[in-house]
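What follows is one structure encoded as structure tokens, with my remarks underneath.
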Amino acid sequence: MSQETAIKKTGSGALVGSVLLGAAFIAIGWFITANGVTTNTEHSIQEAVGIHIEFGKLLGTIGIFVAMFKVADVFFLTPLFEAIHGRTSELENTFSEAENLRAEMTQLKADYEKRITETENSAREQIQAQIKEAQDLKKELMADAQRKAEEYKTQAMSEIDTEKRKTLTDLRLHVTTLSLQATEKLLSENVDNDRNRKIIDDFLATVEVKN
Amino acid sequence: MDLLTRFNMLLASGTETVGGEAAEHGAEAAHHVVAPLPSFYGLMVLIAIVFLVMIGFLASAKGGLNKKFFTKTTTKLLEQLFVFIEGLAVGIIGAHGRKYIPMMMVFWLTIFIGNLVALLIHASPTSDLSFNLGMALIAVGYVQFEGMKANGVVGHFRHFAGPKLPLAMIPITLMIFIIEIISETMKNVSLSLRLYGNIYGGGEAVKAMNNLGAQYGVPWLNFGDFLFPIKLLTCVVQALIFCLLFAVYLSLVTHHEEDHEEGHDHSAHGETAPAH
């Protein structure tokens, strides 16, 4: 049961009724006292139990309370209850809103933390990928350089070999020429030049050239 | 004759009371500070004083209700009283006890202010048995009305007969019924006599102690004034007891099942369970 339903508002009819009823009680009480209607009964009670009760006062008191309950309720207590309950409700709403905001903030914080973590992971992954890419590039470049170096080396070796062969051919030609000249002078006779050159070439082919 | 004594005499001599006691009481008041029992008009004047003070206090408190936070002293005091009475009502009667708060607050304020008035002008409605009995009759009558509303007329009176016993035990049931009816009637006596005895007796005690000074040669020394702190405590305690008993009587007749469960919960949490 809510507080709002627990304390019911008193209508103006009930208020007027209570005040009239209270006034009636007071009037009866006054009448009884003024005319001594219950004097004998009061005497009897006092003699019997030693307690002095006046019925006029009793009814007057009841009348005042019957009226006062409603008057105090309507004019003072109900506004007080409404104010207190209104304030309590407002405080509860404020606390509820604050609680919701706190929950929202907590959620936002969690989201931001998650996003930060994701960003960090992404950055880390990107850095790792870049490092790997750089390493791959480095390897590729090194392999390329190695390959080119090998090519240059092979080319150089080939050129060296070609130059060596050319030099050897020139040298052989020169030696042949010198040999022919020497032989011609030694033999002092005309020898068929082409036949001699063939003999020398055959000879030189059998000779192993030492580097 | 000082102003206070004249006032007390005025209260007592407003009309003729039983056996012309007013004049005797009035004469007695001239010698003693404590007032005699007031006449009908005297009582009405005292009640008017009490309710004027109460309405003044409530009106002052009402003036501070339009703010979000209560800053006015009277408003804060009334709020504290409301919270206290609400705790009392809900703790003893249960959640539905909130509807009795206005009545309990009026009782509390009337008795408390009435007792305070007794401290200041040595005359109070609460020192008159007729006034206290009137309050008790309203309280107990309202309890019976609420009991009938909650359980029905038959159910309410059946409740007085105790548990359902076999047919042969009808005399026992009848006896329980009579005892319960007497018990209900005695609630009026209990509520009214306790308050009357404390306030009227307190006044008599002050009067007797004031006479001690004269006996021991220091008539200017009112020993009764030393009772002021304990009388001040009595003002609060009597108001509390009346409201507490009213709440207990209501809880007995407006028994609700959900409150029982609530009461068990309270017990489980070490709180005061409703007194069913």
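Just a few scattered comments:
- Among the criteria (1) more than 14 Å from chain A (Cβ to nearest Cβ); (2) of a type in the set (A, V, I, L, M); (3) in contact (Cβ under 8 Å) with a residue 12 or more places away in the chain, the one residue B:148 does not fulfil is (3).
- On the stretch given as region A:49-91, residues that are charged (D, E, K, R), assigned to a helix (DSSP H, G or I) and either more than 7 Å from chain B (Cβ to nearest Cβ) or farther than 22 Å from residue B:55 by Cα (or both) total 4.
- Test: residue in region B:197-206 that is charged (D, E, K, R) and either within 14 Å of another protein chain (Cβ to nearest Cβ) or without any contact (Cβ under 8 Å) to a residue 24 or more places away in the chain (or both): no
- Residue, surrounded by the fewest Cβ atoms within 10 Å (Cβ to Cβ), within region A:31-40, restricted to residues that are under 13 Å from residue B:130 (Cβ atoms) and among the polar types (S, T, N, Q): A:38
- Residue match in region B:202-223 (condition: within 16 Å of residue B:126 (Cβ to Cβ), hydrophobic (A, V, I, L, M, F, W, C) and modelled with pLDDT under 90): yes
- Boolean, residue A:189 is at pLDDT below 90, out of contact with any Ser or Thr (no Cβ under 9 Å at 6 or more places or on another chain) and surrounded by fewer than 10 Cβ atoms within 10 Å (Cβ to Cβ): yes
- Listed by position, the helices (runs of 4 or more DSSP H) contained in region B:117-222 that have at least 2 residues being of a type in the set (Lys, Arg), in contact with a strand residue (DSSP E or B) (Cβ under 6 Å, 6 or more places away or on another chain) and surrounded by fewer than 18 Cβ atoms within 10 Å (Cβ to Cβ) form an empty set.
- Single unsatisfied condition, residue B:162 versus (1) in contact (Cβ under 8 Å) with a residue 24 or more places away in the chain; (2) at positive phi: (1)
- Contact map, region A:27-48: residues that are more than 11 Å from every other protein chain (Cβ to nearest Cβ) and among the β-branched types (Val, Ile, Thr) paired with residues that are surrounded by 15 or more Cβ atoms within 10 Å (Cβ to Cβ) and assigned to a helix (DSSP H, G or I), Cβ distance under 6 Å, separation 6+ or inter-chain. Pairs shown: A:28/A:59.
- Among the residues here, residue B:141 qualifies as small (Gly, Ala, Ser) and within 14 Å of chain A (Cβ to nearest Cβ).
- Residue A:165 being part of a helix (DSSP H, G or I) and under 40 Å from the mean Cα position of the chain (by Cα): no
- Those residues of region B:40-74 which are crowded, with 23+ Cβ neighbours inside 10 Å and more than 8 Å from chain A (Cβ to nearest Cβ), in sequence order: B:42, B:46, B:50
The values are calculated or read from the model by the stated rules, or taken from the named source; none is laboratory data. Quantities reported herein were computed from a predicted structural model and do not represent experimental measurements. In this analysis, Cβ positions are derived from the backbone assuming ideal geometry, glycine residues included, and neighbour counts consider all displayed protein chains.
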